[in-house]
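The next block holds one structure in the form of structure tokens; read it before the comments.
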């Protein structure tokens, strides 16, 4: 039993896979938002100390995003290299089940 099983009380392996995928893709979406917000804040600040803080934070956010994206690709939860029509077909099939 994984940590999501413990958290949600799920004992079905297929349901657990979907929950893990949903959580990972939601985190990936949020990570993109954080990247954009941090980059925007960095470009708009004029305080040199704050710029340094935001640069460090942006680097950390980028590294975390890469790790999360790599994890999602490795588990076939996110397939950025597939043709758009293939991505739509896969999403449709998953939504239909």
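The values are calculated or read from the model by the stated rules, or taken from the named source; none is laboratory data. Bear in mind that the values here come from a model prediction, so they are computed numbers and not experimental data. As a convention, Cβ positions derive from the backbone with ideal geometry for all residues, glycine included, and neighbour counts pool all protein chains shown.
Quick notes
- Remark: pairs (first residue in the stretch 70-81, at negative phi; second residue assigned to a loop (DSSP other than H, G, I, E, B) and surrounded by 13 or more Cβ atoms within 10 Å (Cβ to Cβ); Cβ separation under 7 Å; 6+ apart in sequence or on different chains) = 72/78.
- Residue list for the stretch 1-58, restricted to those being outside any helix (DSSP H, G or I) and either modelled with pLDDT of 90 or more or within 25 Å of residue 79 (Cα to Cα) (or both): 2, 12, 45, 46, 47
- Filtering the stretch 39-69 to residues that are touching a residue at least 12 places away in the same chain (Cβ under 8 Å) and closer than 30 Å to residue 18 by Cβ leaves 61, 62, 64, 65, 68, 69.
- Output for the stretch 59-81, where each listed residue is closer than 27 Å to residue 42 by Cβ and in a loop (DSSP other than H, G, I, E, B): 78, 80
- For the stretch 70-83, residues that are under 22 Å from residue 19 (Cβ atoms) and surrounded by 12 or more Cβ atoms within 10 Å (Cβ to Cβ) total 7.
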